[in-house]
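Chemist: Let me give you the structure first, and then I'll get to my questions.
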Amino acid sequence: MPLTSFIRLICLAAIWGGSFLFMRIAAPTFGPAYLIEFRVSFAALALLVIALYLKQYLHFRAHARHYFILGLLNTALPFVLFAYAAQTLTVSMLAILNATAAIWGALIAFFWHRTPLSIKSVIGMVLGICGVVILVGWDETLVSEKLIWPVLAGVLAAVCYGVASNYAKNAPQIPAFDNAHGSMWAAVVWLLPLLPFVPMRAVPDSTEISAVIALGVICTGIAYLLYFRLISEVGAASALSVTFLIPLFGIIWGYLILDEQVGLNTLGGMVLVLTGTMLVTGFSPATLQAERTTRSQ
């Protein structure tokens with residue numbers, strides 16, 4: 001991987017890890033509905049500005065059904081679930097739960113597309129589930145009273161990403177940038193009916209407002225550009241390695257900015273979840289080397 005691409009990869013992981021930090025800051029005040037409505041609105045506007053600059057115009061009506069499905073499964077629903085979880089869970093826990101998406105995607109593919117599961121994939125799923133259990137901890141009173149619903153919401157958000165990835169296998173072949181742009185506008189529409197039923201908790205201060213703006217513009221709009229650039233430069237398999245760096249940055253940001261404590265259960269859970277994800281996806285340094293060899297030929 002060229003140095004410039006490696007720097008982009010690190011920046012992307014830092015930005016996406018930061019998205020859970022910003023949600024943790026803003027969610028207790030904005031509540032999940034308003035927080036995500038503002039997030040996707042700022043993201044959609046940022047992508048619109050970028051699209052106009054690139055002269056890459058979105059033909060929304062031509063693929064409206066696809067954008068609304070993707071906007072629900074890949075944006076509105078998982079974002080709201082993570083925002084709900086962010087009212088309680090730490091940044092590191094949110095980032096690690098997010099990393100289980102590939103595991104759920106493989107399990108869903110087994111039932112939806114009859115995709116065979118290898119022994120490595122099954123082992124990876126077991127490790128991932130064990131990692132989530134360790135991450136939550138063994139205190140039954142704490143789990144039942146404080147963490148069970150937020151953790152369940154975080155897991156369901158990752159499941160949504162797994163469903164979305166399987167839907168995409170048979171979805172219309174549309175450029176990745178248009179998928180991101182169109183699905184954001186669809187998510188804006190999906191979330192509107194939720195606003196009257198899930199009001200804001202309080203009047204946000206300047207820090208919380210800044211967090212929401214950063215969440216939409218930087219963690220979504222700019223992050224998508226970096227991700228698409230990485231795919232074009234180093235290929236999908238290399239770009240996938242960002243998945244394994246996001247939890248690390250989630251832990252770093254939570255510790256440095258919110259003074260969140262990093263326990264052995266956090267580190268142990270992260271190791272098991274990421275190991276399980278690598279087994280399920282077949283990701284390895286050898287995979288990257290094979291891709292680089294193929295691309296150089």
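The values are calculated or read from the model by the stated rules, or taken from the named source; none is laboratory data. Every value quoted in this text rests on a predicted model; they were computed, and no experiment measured them. Glycine gets a Cβ as well: all are built from the backbone with ideal geometry, and neighbour counts include every protein chain shown. These area figures cover heavy atoms from the full protein model, side chains too; ligands, DNA and RNA do not enter into them. Shrake-Rupley method; radii C 1.70, N 1.55, O 1.52, S 1.80 Å.
Chemist: Go through the stretch 260-297 and count every residue that is over 16 Å from VAL122 (Cβ atoms), at pLDDT 75 or above and of a type in the set (A, V, I, L, M).
Modeler: Result for the stretch 260-297: 6.
Chemist: On to the next question. Residue by residue through the stretch 194-208, note down the ones that are within 23 Å of the chain's Cα centre (by Cα) and in a helix (DSSP H, G or I).
Modeler: LEU194, THR207, GLU208
Chemist: So CYS219 passes all but one of these: (1) open to solvent by 30 Å² or more (accessible area, probe 1.4 Å); (2) within 16 Å of the chain's Cα centre (by Cα); (3) hydrophobic (A, V, I, L, M, F, W, C). Which condition number does it fail?
Modeler: Checking CYS219 against (1) open to solvent by 30 Å² or more (accessible area, probe 1.4 Å); (2) within 16 Å of the chain's Cα centre (by Cα); (3) hydrophobic (A, V, I, L, M, F, W, C), the one that fails is (1).
Chemist: So, one more: From the list VAL126, VAL133, pick out the single residue that is part of a helix (DSSP H, G or I), modelled with pLDDT under 80 and surrounded by fewer than 16 Cβ atoms within 10 Å (Cβ to Cβ).
Modeler: Only one candidate qualifies: VAL133.
Chemist: Quick one: count up the residues across the stretch 68-101 that are out of contact with any Pro (no Cβ under 6 Å at 6 or more places or on another chain) and part of a helix (DSSP H, G or I).
Modeler: 22
Chemist: Please state which one of SER19, SER5 is within 28 Å of LYS146 (Cα to Cα) and hydroxyl-bearing (Ser, Thr, Tyr).
Modeler: The match here is SER19.
Chemist: Out of VAL163, VAL159, VAL80, VAL91, I need the residue that is without any contact (Cβ under 8 Å) to a residue 60 or more places away in the chain and in contact with a helix residue (DSSP H, G or I) (Cβ under 6 Å, 6 or more places away or on another chain). Which one?
Modeler: Sole residue among the options that is without any contact (Cβ under 8 Å) to a residue 60 or more places away in the chain and in contact with a helix residue (DSSP H, G or I) (Cβ under 6 Å, 6 or more places away or on another chain): VAL159.
Here is a yes/no grid of residues against (1) surrounded by fewer than 24 Cβ atoms within 10 Å (Cβ to Cβ); (2) more than 18 Å from the chain's Cα centre (by Cα); (3) of a type outside the set (D, E, K, R):
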residue	(1), (2), (3)
LEU3	yes, yes, yes
ALA14	yes, no, yes
ALA26	no, no, yes
LEU35	no, no, yes
VAL49	yes, yes, yes
LEU52	yes, yes, yes
